[in-house]
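For reference, the structure is listed below as structure tokens.
The values are calculated or read from the model by the stated rules, or taken from the named source; none is laboratory data. The model shown is predicted, which means the values in this text are computed figures rather than measured ones. Here the Cβ positions follow ideal geometry from the backbone for every residue, glycine too, while neighbour counts run over all protein chains shown.
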Ligand SMILES: [Zn+2]
């Protein structure tokens, strides 16, 4: 594989400045600078704060990635960058940086879709992606079910959240329970000691009439309101909030719907593999329940390690390397940022 | 010396090459919303126009604003990454100084640009004699047009065209030219070590002049009424 092209990928769609280096499907470096601490006191990502942090972190993160990979920038054969979807101002920093690199190095540049990159990253860890596969992507910014027949060219949306993203729901419930931002890891930790059946919170879009129109879509805002209502009632009654039970019951409601719909999508679309990505893939209960349900349905589950599930540059480089390997044409130097880039556009022309 | 200058602090995306003697290529495209799209092609175009190769670049000069944030960052990140990849130094210049460079005549004058939200970025300059470089004496600041201390001084730049009642009549030039930034930086780099430099080059840190809009969340909103 030493002859496979060396690809550097840049990711800046939210609050992580990620620069990854891959050779073919081998991961050489995955440098990430996060501005998450700067957003913590706001309880959510502040776009301008994230954009400023991307600017400051960009060159040091590129240099760190090259140092870790043991390569010089002049060794790079191709570049890939997230063009969307994401925060426009944040994406702009990464795209401008990638274009400057393409210009300075005289190498092709691929503007890629962030969601497709979340799928492609697993190739670095678990080898070629069986086609077709179903991918469940859940994070603070997105919650989607995708049908993937070719990660470089044919990714179709099966469903997505119609309101909050799954990770966003974790953040909001964490705040309600007095847990820090970002909420995912804290809810997961606290829920370990709780009873997931303590409170029967609603499962969004799972009723028969919802399934007709929103078979693979998600909704977490009703769940969020139900948890808030339950907590307020308990407070009004002067009861101590059973934080562990509420966290476990909320978490169970989220991962139940995510895994139930993901497995159903695999079965109904004849996909033998389910891939899970995005920050929420780090959730221990999601992994456990997905494993259990995939096993029962005869589906192989693929989940990259947590560092590759959250936003990073390696995923962008991984998709870039696939595009190079499949001979897809690069993007033009006037490549644009598209904050709502549809997942069907894997590569921006 | 082959100096590449660029600026995205205003509505114009501009790039220029300077060979130490004069500006040898310059491009400008005005489209306030498309900085990230237009800058790299503009740089490629000036290299092409001048028949020079990117590897010949010895210095990079970038207008560091003040200017609307997203556009401003396009120029700054481009300059920093080019500098790192080509292994050449990156110099910052206040973008308003670039506009002042193009103002003719002597005496006191102001430069004002659009800061959006009904405010302007501005700085005050003085030029001693024709041909001498202007000297920035106050600023840059961000203010409401009515609060700029014009005091009878002529005002140049896009800000004056937007708020003629407070700042007008507007004098040319309206926008910064990368060629002006290049000339200013070339002069400053040539003079360093010998004579006092008329304009101080700065780091490539953007001049935001405003803090990010961000408010910590207040008390939890109740859902029960
Ligand atoms: Zn993501």
Open item on the list: Which pairs turn up if I take residues in region A:294-317 that are under 24 Å from residue A:260 (Cα atoms) and look for partners that are within 16 Å of the ligand (Cβ to nearest atom) and assigned to a strand (DSSP E or B) with beta carbon separation below 6 Å, at least 6 apart in sequence or on another chain?
Closed with: A:302/A:275; A:303/A:276; A:309/A:277
- [ ] Look at region A:79-94 and say how many of its residues are surrounded by fewer than 24 Cβ atoms within 10 Å (Cβ to Cβ) and under 16 Å from residue B:81 (Cβ atoms).
- [x] 0
Open item on the list: Please verify whether residue B:49 is surrounded by 22 or more Cβ atoms within 10 Å (Cβ to Cβ) and more than 14 Å from chain A (Cβ to nearest Cβ), treating the condition exactly as stated.
Closed with: no
TODO: Mind telling me which of the residues A:93, A:21, A:71 ends up being outside any helix (DSSP H, G or I), within 14 Å of another protein chain (Cβ to nearest Cβ) and touching a residue at least 12 places away in the same chain (Cβ under 8 Å)?
DONE: A:71
TODO: Go through region A:256-281 and give me each residue that's assigned to a strand (DSSP E or B) and within 16 Å of the ligand (Cβ to nearest atom).
DONE: A:275, A:276, A:277
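Of the residues A:222, A:184, only one is in a helix (DSSP H, G or I) and out of contact with any helix residue (DSSP H, G or I) (no Cβ under 9 Å at 6 or more places or on another chain); which?
Unique residue meeting the criteria: A:222.
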Task: Which numbered condition residue A:342 fails, given (1) in contact with a helix residue (DSSP H, G or I) (Cβ under 9 Å, 6 or more places away or on another chain); (2) within 16 Å of the ligand (Cβ to nearest atom) - done: (1)
Task: Residue, surrounded by the most Cβ atoms within 10 Å (Cβ to Cβ), within region B:126-151, restricted to residues that are touching a strand residue (DSSP E or B) at 6+ places or on another chain (Cβ under 9 Å) and on the phi > 0 side of the Ramachandran plot - done: B:139
Task: Within region A:116-169, tally of residues that are assigned to a strand (DSSP E or B) and either within 16 Å of the ligand (Cβ to nearest atom) or touching a strand residue (DSSP E or B) at 6+ places or on another chain (Cβ under 6 Å) (or both) - done: 19
TODO: Answer yes or no: is there a residue in region A:99-112 that is within 19 Å of the chain's Cα centre (by Cα), part of a strand (DSSP E or B), within 14 Å of another protein chain (Cβ to nearest Cβ) and modelled with pLDDT of 95 or more.
DONE: yes
- [ ] Could you please let me know if residue B:44 is facing chain A (nearest Cβ under 8 Å) and surrounded by fewer than 20 Cβ atoms within 10 Å (Cβ to Cβ)?
- [x] yes
Task: Flag if residue A:30 is more than 10 Å from chain B (Cβ to nearest Cβ) and farther than 22 Å from residue B:71 by Cα - done: yes
TODO: Determine, yes or no, whether residue B:102 is more than 9 Å from chain A (Cβ to nearest Cβ), closer than 25 Å to residue A:331 by Cβ and touching a residue at least 60 places away in the same chain (Cβ under 8 Å).
DONE: no
Open item on the list: Filter region A:74-90 down to the residues that are within 16 Å of the ligand (Cβ to nearest atom) and in a helix (DSSP H, G or I) and list them by number.
Closed with: A:88, A:90
